[in-house]
Amino acid sequence: MACFFRRSIAAQLGRTLQQSEDAFIPALSAVAVFKKQQNADFKLSISALRTNGILPSNGDIQMQTEDLAAQLKQDSVVEDISAGSAVVNFKVNRKLLVQKMLEPFGKDEDEKYGLNSELFHTLKRGTTLVEYSSPNIAKKFHAGHLRSTIIGNFIANLKQSLGYNVIRMNYLGDWGMQFGLLGAGFGLFGSQEKLKQNPLQHLFEVYVQVNKEAENNEDMKQAAQDFFRRLEQRESQAVSLWQQFREITVDEYQHIYKRLGVHFDIYSGESFHQDQAQEVVQQLQSRGLLKTSEKGTGVVDLSPSADMSSVCTVLRSDGTTLYITRDLAAAIDRQEKYNFDEMIYVTDKSQAGHFQQLFQILLSMGQSWADRCEHVPFGLVRGMKTRSGEVVFLEDVLDEARARMLHNMSQTKTTKEMDDPEDTAEKVGISALIVQDFKGPLQSDYTFDWDRMLQTQGDTGVFLQYTHARLCSLVRRNEGVEAATFDPSLLLEQTSITILQHLLRYDEVLYLSAQDLQPKHLVNFLLKLCHLIASAHRELPVKGSSQDVAQARLRLFSGACSVLANGMRILGITPVNKM
Ligand code: ARG
């Protein structure tokens, strides 16, 4: 494992500079594989040593680098030491590299590979509440909700693999005027029959229809307001209709989430925090934080100089609460119920201001844990369309991904016989959606492109799945050949060394992702791994090699396959074994 080498290099550095070896670990990193040939495996950043006070920060950095390199010696682990530009490079013993990196795969520890790295020892692994997906009942499920769903799932998976206690929460938009409209409109345009058959579609249809009607029909508007008031007053008929809408919607979403491989521990929603929101208003009042605006609304002054130049409205003039008021109540409630160490909200970047205000008001209310709340913003998706037009339902996107993938598979000569091609097409189609979404920085907008994301070559989810399936098939075809032990000296070709050098980075990549919560590090790491595996398939054949060479190569391939599968799972992709 990478740790073995990092530890051993740090130990020598510690002895040489008379420092604790731990101090060097953060300054050491595996060298990224670029072109094939590359000598150094690790580099030590001299500027990092200057920052943490191990080396004086005023000396000439290049002199310090060369000085240090000259003081270090080869040993049984380190084969070569050289000075680069402000870094000291280390090349480790080749046989040891092969042995240490591939050893854990023989011990049924495949699923934990890299996760016990000492890099993670400094993480404060407590309870993390991740709130994601959070669609609105009866309204459109837009691309932003899909992004929130897969990004939140990734963050939850990542934290969970690193040993955090993760709570996955869906916060439904299940309250507000839309229910007034829906409740009033259902009597006119709704049908229980259709609601049972196709709930999401039917609720949306009714919603669109009432909205249109309400535009120039005052009676309709009034009816909607009346219905919502009945709902707020907990009038039983209104509540039971609302409840039916909510339950049916959650049921339906659960099916779709299952297809996506996503689940939630808790389905909460805005409706849960109605009463608490009023209590929050009272607390704001008693703390002297609630001001009345000229329009008669209740506001909190957020301006630094307390001159009301920037305010946040928490109460309408009719005394009803708003989105942010419910969010304040929900956050406080979650802290009380789950006592989380951190909370992460995943929504599109247009809500960044909302969350900033939310955290600021919580802090001013004395809720100091609010500085352990974080908003993870993401950019817009342009042009998400299906063959039948604009996307209204998530299901349509999943159906289309599956249909297109099924079509592509039927056109490809190499496609294998499968028990359930639809299921494979579904999984591969979803991985294409995920990889397209995760390749760049989350904050960036991107254009949805079916053809590009489904390419088998190129950097796509299909390529990840294809590589995984191919590795599985190699392992299957050679059942019985793989042995508990292997001879590391049979894996010294550059092609295999490059793969191992790349694997040295796995724990660092996970660490980086845990820091900034960006999936791109892991996606790009896995794509690179797949490219390296493609060369290895060509250059390190198993078939036709002698028994011991075949054994050693299989170990390399099955190890790479495990890392690929583990990484894919963290991204929220279910690896397929055949395609
Ligand atoms: N339902 C909201 C929307 O679709 C997203 C909710 C985000 N979470 C929150 N706690 N405000 O825009």
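The numbers here are math on the coordinates, done by the rules we state, and not lab data. Since the model is a prediction, treat every value here as computed from it, not as a measurement. We place every Cβ from the backbone using ideal geometry, glycine too, and count neighbours over all the protein chains shown.
Can you tell which of ASN93, ILE155, ILE46 lies farthest toward the positive end of the dipole of the range 38-157, using +1 and -1 charges on the Cβ of basic and acidic side chains (Lys, Arg; Asp, Glu)?
The listed residue farthest towards the positive side: ILE155.
May I ask you to evaluate 6.51 cos²θ - 1.76 cosθ + 1.60, the Karplus curve with θ = phi - 60°, for each residue of the range 469-474 and list the ³J(HN,Hα) values in order in whole Hz, giving x for glycine and proline?
4, 5, 5, 4, 5, 4
Return the lysines within reach of LYS439: Cα separation strictly under 16 angstrom, same-chain partners fewer than 8 residues apart disregarded; answer none if there are no such residues.
List returned: LYS520, LYS528.
Grab the range 162-309 and count how many Lys pairs have their alpha-carbon atoms under 26 Å apart, sequence gap of 8 or more, or different chains.
Lysine pair count for the range 162-309: 7.
For every helix of n ≥ 4 consecutive DSSP H residues, a contribution of -39,500 (n - 2.57) applies; sum these over the chain, divide by its total residues, and give [θ] at 222 nm rounded to the nearest 500 deg cm²/dmol.
Result for the chain: -17000 deg cm²/dmol, rounded to the nearest 500.
What do you get for Rg/Rh of the range 33-78 when both radii come from the Cα atoms and Rh is the Kirkwood radius?
When Rh is taken as the Kirkwood radius, the ratio is 1.05.
Of the beta bridges DSSP finds with both residues in the chain, what % are antiparallel, to the nearest 5?
Antiparallel bridges make up about 50 percent of those DSSP assigns within the chain.
SER303 to GLN71: extension gain in nm, 0.36 nm per residue of separation minus the Cα-Cα distance?
Extra length from SER303 to GLN71 when fully extended: 77.9 nm.
Lys and Arg at +1, Asp and Glu at -1: add these up for the other residues within a Cβ distance under 15 Å of HIS142 and post the number.
In short, 0.
Taking amide H positions as placed 1.01 Å from N in the peptide plane, with prolines and chain starts having none, which residues 5 or more places from GLN443, or on another chain, fall under 5 Å of its amide H?
Those lying under 5 Å, H to H, from GLN443 are GLY379.
Kindly state, to the nearest 0.05, the FRET efficiency for SER473 paired with ASP423, given R0 = 22 Å and r defined as their beta-carbon distance.
0.80
Give a residue-ordered list of calculated ³J(HN,Hα) values for the range 39-45 (Karplus: 6.51 cos²θ - 1.76 cosθ + 1.60, θ = phi - 60°; whole Hz; x for Gly, Pro).
8, 6, 9, 10, 10, 10, 7
Just want the answer: with Cβ charges of +1 for Lys and Arg and -1 for Asp and Glu, which residue in LEU454, PRO304, SER546 is farthest toward the dipole's positive end in the chain?
SER546
Given +1 on the Cβ of Lys and Arg, -1 on the Cβ of Asp and Glu, and no further charges, what dipole in debye does the range 244-290 carry about its Cα centre, rounded to the nearest 20?
160 debye
Once label points are set 7 Å from the Cα along Cα→Cβ at both LYS337 and ILE61, what is their separation, rounded to one decimal in nm?
The answer from the label model is 5.0 nm.
Report the trypsin sites (Lys or Arg not before Pro) located in the range 10-114 that are in a DSSP loop and have at most 12 other Cβ atoms inside 10 Å of their Cβ, or state none.
LYS35, LYS36, LYS73
Within the range 229-303, which GluC sites (Glu not before Pro) sit in a loop by DSSP and count at most 16 neighbouring Cβ atoms inside 10 Å?
GLU235, GLU294
Taking a spot 7 Å from the Cα of ASN165 along the direction of its beta carbon, which residues of the range 340-368 have an amide N less than 17 Å from it?
Under cut-off, by backbone N: 340-344.
Compute the separation of the alpha-carbon centres of the range 449-486 and the range 531-579 and state it in Å as a whole number.
Cα centroid to Cα centroid, the span is 7 Å.
How high is the FRET efficiency between ALA11 and VAL481 when r is their beta carbon distance and R₀ equals 25 Å, given to the nearest 0.05?
Efficiency at R0 = 25 Å is approximately 0.10.
Determine ³J(HN,Hα), in whole Hz, for all residues of the range 393-404 in sequence, where each value follows from phi through the Karplus function 6.51 cos²θ - 1.76 cosθ + 1.60 and θ = phi - 60°; x replaces Gly and Pro.
Using θ = phi - 60°, the values come out as 10, 4, 4, 4, 5, 5, 4, 5, 4, 5, 4, 5 Hz.
Size of the dipole of the range 108-178 about the Cα centre, Lys and Arg at +1 and Asp and Glu at -1 on the beta carbon, nothing else charged, in debye to 20?
That gives a dipole near 460 debye.
Averaging over all projection directions, find the projected area of the Cα convex hull of the chain and quote it in nm² with one decimal place.
The Cα convex hull of the chain, projected and averaged over all directions, gives 31.9 nm².
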